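Participant: Handing you a structure now.
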Amino acid sequence: MRLSRFALATTKQTPADAEIISHQLMLRAGMIRRLAAGLYTWSPLGMRVLRKVENIIREEMDAAGALEVLMPAVQPAELWRESGRWEAMGDLMLKMDDRLGREYCFGPTHEEVITDFAKRDIASYKQLPVNFYQIQTKFRDEIRPRFGLMRAREFIMKDAYSFHMDQADLDREYHGMRAAYTRILDRMGLDYRIVAADSGAIGGAKSEEFHVLAHSGEDELAVSESGAYAANIEAAVTRAPAGERPAPGGELRKVDTPGVATIADLCRALDLPAEATAKAIVVAGDDDRPVLLVLRGDHSLNDIKAEGIDGIASPLRFAEEAVIREHFGAGPGSLGPVHLSLRVIADHALEKTADMAVGANYDGAHFVNFNWGRDAPEPEFADLRNAVAGDPAPDGSPLAVLRGIEVGHVFQLGDKYSRALELTVLDENGAAVTPQMGCYGFGVSRIVAAAIEQCFDDAGICWPTAIAPFELVIVPIKADKSERVRDACDTLYAECRAAGIDVALDDRGLRPGPMFADAELIGIPHRIVVSERGLDAGTLEYKGRRDAESRQIGHGLDAIREA
Ligand code: ATP
Ligand code: MG
Ligand code: MG
Ligand code: MG
């Protein structure tokens, strides 16, 4: 690519509204431009990265035997009524009517549609197992779209859905998909963890998430040093009932709950100091819509239950831990006199009907696990006290809490959707069987942002080569004054292209400084500088994106390859 024709649009200024580094750098590099809240246009530069990500995912899905399809983004309401999710999805789903008044949504996910598709074409056990996938645009009306593509409203997902005659075959495919995700992330060169997860609104039994590790990650992961135990804190803490799940801290202590009606009672039940009753912090909603509330000790848990979180206390719309700490004047590891904070993670789908669950505090010392809601008459408390403050994992190895960005999620759905939508196939004996299903989501656009969170420095993005917009940039010095430099660059550029190197030639005629700065900002892994001086000496100047200094290498393709 000749950069003079590439519509690069970099800026030096850090955009004021971008909170995290990936969002800042994607805007500064000109990879994306905002249209409206949670809606972004991908520029030619951004597209090159997105396409590389898609290709890796596509190659690994194909290699794992999954079959690519493309489903409509717009989906009829009837299907969602059949599965019972038309109402359950709540405001997350963007709903619309057509000219005849028929109801539709812009798909936030595709379990219903794929099950309907399977129903039309799959009739016999001979057609199973099968795994269909697509790379497609989803819309989720996230309450707080933020961080650019990290939590967008319109985003690109790779979603796959598999169908099986029995659980054993579903297990096999699930592990195959897990392995494919592992290869995808390995090829992208990212540091990640696979953790036990909560199945949330999608439902189903077993589920695991793939998290790219980053300080800005919205999720907290409890990971044992031995690697034997790893869980999203959401799952580590919410999986009720206590005692039936692997306790990160070994032992779960149930707190007797009959007397617990207020935050103050809760503090007492947990043996927390009395001052704790002064304030309790509740982050309401789910990860997508954190609303910070400060509750007084006399606020009743039942009030919350009856009126909803928004009904009581003054919502302080702070979501960031840093803001919480600032607000209460306490540093990491302590919230000063505030000894109790409840972090309520309520899945949007469940929020109104039943289970509002889970408390975990910010200082990591006390964990509260309870369910409340219309279907849960008695709140249940389990104290995972000290769980994350070093207590060992079940195998005795110490636990650490890491922050991660969820980029992939694999689920065993069982027959939830096949049963609801009445999908059956005939087995060898001609008997109708309801297939077992798995589903496997991957955040195609999110991983672009997640990769930047892990790969950047003061000058900009440091792409892993596999997903860099270009592998190599050729920078001519004073090309306007030297035909020799121009010719050498053109020749080298042509040679690189012929050799299959994804190369950019910076022929914009800028001074070296701005060209170097752009190459670093947009994160091209390798840079070659061509100058009169180098040509005299028969050398090229090479610099790897993360190298401190440039060095001279021989002229020609082999030398570049070696470098
Ligand atoms: P999160 O917990 O971050 O809200 P999720 O659990 O709701 O994600 P899934 O339903 O598991 O998401 O969807 C599969 C994948 O789609 C996620 O692992 C994530 O990579 C991606 N994804 C989900 N929501 C968004 C979003 N708002 N913007 C970008 N990517 C998203
Ligand atoms: Mg979500
Ligand atoms: Mg999640
Ligand atoms: Mg998920």
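Participant: What list do you get for T115, T10, T137 if you sort them by fewest beta carbons within 10 Å? Please list the in-between numbers first.
Facilitator: Details: T115 25, T10 17, T137 14.
Ordered by Cβ neighbours within 10 Å, fewest first: T137, T10, T115.
Participant: Looking at this model, which pairs from K52/K478; K119/K416; K52/K119; K12/K158; K52/K126; K95/K416 are more than 26 angstrom apart at the alpha-carbon? All intermediate terms of the calculation are to be shown ahead of the outcome.
Facilitator: Numbers: K52/K478 32 Å; K119/K416 14 Å; K52/K119 33 Å; K12/K158 33 Å; K52/K126 35 Å; K95/K416 23 Å.
Over 26 Å Cα-Cα: K52/K478; K52/K119; K12/K158; K52/K126.
Participant: Now for a separate question. Going by C-beta contacts inside 10 Å, put E54, E483 in order with the fewest on the left.
Facilitator: Fewest to most other Cβ atoms nearby, the residues stand as E483, E54.
Participant: Let me ask you something else. May I ask you to sort E103, E453 by Cβ crowding, counting other Cβ atoms within 10 Å and putting the fewest first?
Facilitator: On the way: E103 14, E453 23.
By the 10 Å Cβ count, ascending, the order reads E103, E453.
Participant: How big is the stretch 90-219 by Rg and Dmax over its Cα atoms, in Å?
Facilitator: That works out to 17.2, 50 Å for Rg and Dmax.
Participant: Taking 0.36 nm per residue of sequence separation and subtracting the Cα-Cα distance, how much length would be gained by fully extending the chain between R144 and K481, in nm to one decimal? Don't jump to the answer; show the numbers that get you there.
Facilitator: Working: separation 337, 0.36 × 337 = 121.32 nm, distance 5.25 nm.
Between R144 and K481, full extension yields 116.1 nm more.
Participant: Cβ under 13 Å from A16's Cβ, A16 left aside: what net charge do those residues give with Lys, Arg +1 and Asp, Glu -1? Don't skip to the answer; put the middle values down first.
Facilitator: On the way: positive: R28, R34; negative: D17, E19.
Net local charge, A16 excluded: 0.
Participant: Shifting gears a bit: So for the stretch 76-140, taking the charge dipole from beta-carbon charges (+1 Lys/Arg, -1 Asp/Glu), which of S83, P129, L94 sits furthest toward the positive end?
Facilitator: The residue sitting farthest along the positive end of the dipole is P129.
Participant: Sticking with this one: What's the center-to-center distance, using Cα atoms, between the stretch 516-560 and the stretch 112-177 in Å?
Facilitator: The distance from the Cα centre of the stretch 516-560 to that of the stretch 112-177 comes to 44 Å.
Each value in this text was obtained by applying a stated rule to the coordinates, not by laboratory testing. Computed from a predicted structure; not experimentally measured. With ideal geometry, Cβ positions are generated from the backbone for all residues, glycine too; neighbour counts draw on all protein chains shown.
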